[in-house]
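Here is the structure we will look at, set down as structure tokens.
The values are calculated or read from the model by the stated rules, or taken from the named source; none is laboratory data. None of the values given here were measured: they were computed from a predicted structure. Here the Cβ positions follow ideal geometry from the backbone for every residue, glycine too, while neighbour counts run over all protein chains shown.
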Amino acid sequence: MTKRKFDMSARAVGFMESADKSSDTRWAKAEQIVSAKPSGLPPSAVPVLEKGNGLSSTVEMLALDVLSVEITKVRDNPRNARKLYDPAVVTQRATSIRLDGQMTPAPACLDWENPGSYILIGGHYRKKALLQNGATHIQIKLLPAKNNFDLYRLSYAENDERQSGTPLDDALSWQELQAAGEVGTQDEIAALVGKPRTTINKTLALLNLSPGILSVLKETPDKFTLTAGYELSLMTSGFSETELITIAQKVAAGDFSTRDLTRLREARKTKTPRKQKEISRQHKIVINGAHRGTIKDWDSGKVVMEVMLTDPAERERLVSELRERFNLSADSPE
Amino acid sequence: MSETAIAAKVICVFNEKGGSGKTTTSCQLAGTLGLRGFRVLLADLDPQETASQWLTENGGEGLKAQVWSGHRYGERVIQQIKEFSNKYDVIIADCAPSVENKSTWGMLLVSDLALIPTRLSPLDMAALPNAKRLARRAREEMGLNYPVRVVANATRMHMNDDKALMNVLKKDKEFPVMPCVMGDRKAYSRSMVMGSSAHAVSNGEDAVKEIESLADETLKLLGLSRTIKVRK
């Protein structure tokens, strides 16, 4: 590592200049501002909602951007980044909400297709739990989404922050985005979600698994890391579907790790025997002490002879002997 | 110099987007300036206390900067920073991932430079307008025009997408992007494990080049001389 020494005189000049410009007033002013305006951003950062501003009378404004609305007026996110919901978790949430109420409002936006209604951006577990409890209202926090692309973007961001999305959720939602024409190539998805293209490719490869294996993944998506899912997709060539379903079930049960999958796949690889290189035996042809050619023969039966006979009579004699050896007629030189 | 004058240069590193590179930028910059001989305070204002934990868990000796965990102070962070301002040359605030956080607002009011780290992806860049609005507001309230720069983080500049998104950032003249970027490098995460800057990581030369450039650019923006003698 290069050791560097700071030039003290240059630093002193910098700080003297700084001290000239600054004074007590800057701290005092900053404290005054913070006291008068504790938040830097005005509330207009979120949609401004007031009663009578087109909102139904059944809507209760709980905070500036938090509302309690009829659950029937809130439709699910058509571009939800999360596709798989565990019924057991819904029941668990439903119990929690029955005991403590809905503690966190679900992110939502105004429904541009149905004025007076809303689109849920995230928090579908909360909505399912509330419906299971027979609740009539849901608390939502409004975010400024204006189109389907925003709906996906915000939903993905919410899942990403909570690290709650699974690779299969990603694969299904990206497939949906591609089908809707909202993104085209895998590179575009990579740019959208900020993940390497190889990750996008491996994630989408999960959808190439057979329906039987996919159904195991859908039952317990959180048990399958991207690497485990990708290993399964690589195993499709060497394993039967029944075998793969059993293996996937073992992964879901926690009996197989990703490393186990790699070992299984490696072990199943049919090793093609390496072709043995044939080695010939060589016999030098020496005439009058000079090297004139070679005869080579291999175990496979191949024999090759190369010889230089400058005397035409000698050459004709050799050819004639060979013709006779192989029963070749004199008028068939080809 | 008045006893309570702002002696230290204050750098506010903020962005509401989690994972944008605030802590990486703050810690690497703090470590680099520390190695250059500056007395550096790294103010960890993120409730997750990533920077503090990073150093505490690794002995706290690898980084040439003092770390202070101050996220509980809210808007009162100004008074605390004021106390520190005469003891340090540079104070770097690693802010919470929220533009509504009171300490972020407070730090922006007393800053000499604000850095907004971002990854080069549309999702991450969607958070930039809010960050810029907050910085603009702080400058207006204080009647100051201190520099605010975007720092591209975890970049993969060999990829066309990153080049295209970098060009988008370059178009903003009010809040320009730093010409130097921090690449998607293992040296940064490895140095976290070691509780140091990338300087301590073997094979971390490329990362070191990047953060040294970032340090050069930062000092230039702060009006401090970059004159450095290299000891052979």
message: Cβ-Cβ under 8 Å, sequence separation 6+ or interchain: first residue in the stretch B:27-41 and within 10 Å of another protein chain (Cβ to nearest Cβ) and β-branched (Val, Ile, Thr), partner surrounded by 24 or more Cβ atoms within 10 Å (Cβ to Cβ) and not in a helix (DSSP H, G or I). Which pairs?
response: B:Thr32/B:Ser197
field: Number of the exception - B:Ser111 against (1) surrounded by fewer than 24 Cβ atoms within 10 Å (Cβ to Cβ); (2) modelled with pLDDT of 90 or more; (3) part of a loop (DSSP other than H, G, I, E, B)
entry: (1)
Flag for A:Arg292 being of a type in the set (Lys, Arg) and in contact with a strand residue (DSSP E or B) (Cβ under 8 Å, 6 or more places away or on another chain): yes
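Let's see how each residue does on (1) under 30 Å from A:Ala205 (Cα atoms); (2) small (Gly, Ala, Ser); (3) within 13 Å of another protein chain (Cβ to nearest Cβ); (4) under 19 Å from the mean Cα position of the chain (by Cα):
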| site | (1), (2), (3), (4) |
| --- | --- |
| A:Cys109 | no, no, no, no |
| A:Pro115 | no, no, no, no |
| A:Tyr125 | yes, no, no, no |
| A:Leu131 | no, no, no, no |
| A:Ala135 | no, yes, no, no |
| A:Pro144 | no, no, yes, no |
| A:Thr166 | yes, no, no, yes |
| A:Gln175 | yes, no, no, yes |
| A:Ala179 | yes, yes, no, yes |
query: Which ones in the stretch B:36-50 are at pLDDT 85 or above and within 20 Å of B:Asn15 (Cβ to Cβ)?
result: B:Leu42, B:Ala43, B:Asp44, B:Leu45, B:Asp46
message: When you scan the stretch B:123-136, do you find a residue that is among the polar types (S, T, N, Q), surrounded by 23 or more Cβ atoms within 10 Å (Cβ to Cβ) and under 14 Å from B:Asn15 (Cβ atoms), even just one?
response: no
query: Among the residues of the stretch A:265-311, which ones are over 30 Å from A:Ser233 (Cα atoms) and of a type in the set (Gly, Ala, Ser)?
result: A:Ser280, A:Gly289, A:Ala290, A:Gly293, A:Ser300, A:Gly301
- request: Give the residue, chosen from A:Ala248, A:Ala253, that is among the aliphatic types (A, V, I, L, M) and surrounded by fewer than 17 Cβ atoms within 10 Å (Cβ to Cβ).
  value: A:Ala253
task: Check whether at least one residue in the stretch B:76-83 is at pLDDT 90 or above and either closer than 17 Å to B:Asn15 by Cβ or surrounded by fewer than 19 Cβ atoms within 10 Å (Cβ to Cβ) (or both), and report yes or no.
output: no
- request: Please work out if B:Glu141 is surrounded by 15 or more Cβ atoms within 10 Å (Cβ to Cβ), acidic (Asp, Glu) and under 12 Å from B:Thr25 (Cα atoms).
  value: no
message: Of the conditions (1) surrounded by 12 or more Cβ atoms within 10 Å (Cβ to Cβ); (2) among the hydroxyl-bearing types (Ser, Thr, Tyr); (3) under 26 Å from B:Gly74 (Cβ atoms); (4) modelled with pLDDT under 50, A:Ser44 satisfies every one except a single condition; which number is it?
response: (1)
- request: Answer yes or no as to whether A:Asp170 is surrounded by 21 or more Cβ atoms within 10 Å (Cβ to Cβ) and touching a residue at least 24 places away in the same chain (Cβ under 8 Å).
  value: yes
message: Out of the residues in the stretch B:1-35 meeting the condition of being of a type in the set (Ser, Thr, Tyr) and modelled with pLDDT under 90, tell me which one is surrounded by the fewest Cβ atoms within 10 Å (Cβ to Cβ).
response: B:Ser2
query: If only one of B:Thr104, B:Thr118 is closer than 28 Å to B:Gln66 by Cβ, assigned to a strand (DSSP E or B), within 11 Å of chain A (Cβ to nearest Cβ) and of a type in the set (S, T, N, Q), which one is it?
result: B:Thr118
